[in-house]
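Report on the structure given below.
Nothing in this text is a laboratory measurement; each read-out follows from the coordinates by a stated rule. Model, not experiment: these values are computed from the prediction. Positions of Cβ are backbone-derived with ideal geometry, glycine not excepted, and every protein chain shown enters the neighbour counts.
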Amino acid sequence: MINNNEGLAKLSGNIDSETGNLIESNSDDIPVDKTSPENSIQLEAEQQKRKEGWLVDDNKNLADSILRVAKMSAGGSLDFSYFQEGEQAVTEFEQRAGAKRQLPDLILMDYRLDEQVQNPKFKTGVEVITELKRLAEQYQVTLPEIIAFSSEQSYTEKLMNTGASSTLKKGDARAMMEFINNFKQ
């Protein structure tokens with residue numbers, strides 16, 4: 001039994017103190033037991049509809065702004081993860097690929113990864129893309145769509161020549177929102 005006085009049914013992802021089950025609220029503020037068999041199928045389907053994107057950029061302040069724009073534009077249908085260092089993204093990719101877990105649908109890749117982080121293992125997005133391609137081949141998984149995300153044309157071209165499939169100019173919030181709206185569909 002859920003004690004509504006504790007507000008558990010009004011917040012997504014809370015734990016029922018009596019049963020230990022994860023609960024959330026539906027549109028009628030009726031508690032939903034996420035562990036029940038009836039709801040697990042629906043929840044799995046909803047999670048499969050959600051897309052995931054990664055942002056690899058060493059500039060945390062800019063990344064925070066980008067993630068806010070992405071969250072607003074996606075309306076909850078796209079989850080974004082941020083990696084300040086290319087090595088973090090490569091490690092996460094390798095762990096998921098090795099375990100045959102779902103990989104991101106897209107990766108926004110900056111070129112320069114050494115301006116805000118001292119002595120990173122991967123100094124450029126080109127190095128990260130090269131490693132991701134190697135891992136995708138090693139684990140026989142499909143490489144996610146990689147978007148060259150730079151403000152400088154020469155860097156964008158280097159990312160495209162390495163394996164990025166399209167470009168998105170850094171700093172163009174309108175283009176970012178349009179891209180996210182198109183991608184989430």
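Only Cα sites of region 50-183 enter the Debye sum here, all with the same form factor; the resulting log10 I(q)/I(0) across q = 0.10, 0.11, 0.16 1/Å is -0.28, -0.34, -0.75, listed in q order.
Each of S154 and N181 was given a label point 7 Å from its Cα along the Cα-to-Cβ line. The distance between the two points is 3.5 nm.
Report, in whole Å, the centroid distance computed from the Cα atoms of region 161-185 and region 65-109. Each part's Cα centre sits 14 Å from the other's. Between amide H atoms placed 1.01 Å from N, distances below 5 Å from S81 occur with G53, W54, L55, all of them 5 or more places distant or on a separate chain.
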